[in-house]
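Heads up: the structure comes next, in structure tokens.
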Amino acid sequence: MHMRTIGATLKGEVHPMATGDPMTGARKAELYAMDLTDADWVASSHSNRWDKTCVEVADLGGGAVAVRDSQNKELPPLRFTAEEWTAFRLGVRDGEFG
């Protein structure tokens, strides 16, 4: 099984979060400062439709997303830059999480 490190990106270069890039830190701060009151949340197509357990994703623009637990909407959603979200999706696709 191919394992991607947290610093890997689609092209194999080092992810900005792995280097402590201040621009990435600033982008994360921007994402967490966004008001998500009117966000358009979309449930996963793999959700369990009977008991409504799923994660929901909201597009924050520029490839960034917010992710929340549909059963615990009072908890703050996690927010990911475009690069982080891409690395996560590729990890899921490649079976890196189990």
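Bear in mind these aren't lab numbers, they're just calculated from the coordinates by the rules spelled out. The model shown is predicted, which means the values in this text are computed figures rather than measured ones. Neighbour counts run over all protein chains shown; Cβ positions are idealised from the backbone, glycine included.
Here are some notes:
- Under 15 Å, Cβ to Cβ, from G62 - net charge with Lys/Arg +1 and Asp/Glu -1: -1
- With a cut-off of 10 Å between beta carbons, the residues surrounding P77 carry a summed charge of +1, where Lys and Arg count +1 and Asp and Glu -1.
- Counting neighbouring Cβ atoms within 10 Å and putting the fewest first, the residues V67, V42 line up as V42, V67.
- Low-density loop cleavage sites - GluC sites (Glu not before Pro) in segment 23-98, where at most 10 other Cβ are within 10 Å (DSSP): E74
- Segment 25-98: chymotrypsin sites (Phe, Trp or Tyr not before Pro) in DSSP coil with no more than 15 other Cβ atoms inside 10 Å: W50, F97
- Coupling constants for segment 81-97 follow from the phi torsions by the Karplus curve (6.51 cos²θ - 1.76 cosθ + 1.60, θ = phi - 60°), and in residue order they are 5, 4, 5, 5, 5, 4, 4, 5, 4, 5, x, 4, 4, 8, x, 6, 10 Hz; glycine and proline get x.
- Taking 18 Å as the cut-off, the amide N atoms of segment 70-98 that come nearer than this to a point 7 Å along the Cα-to-beta-carbon line of W41 belong to 70-80.
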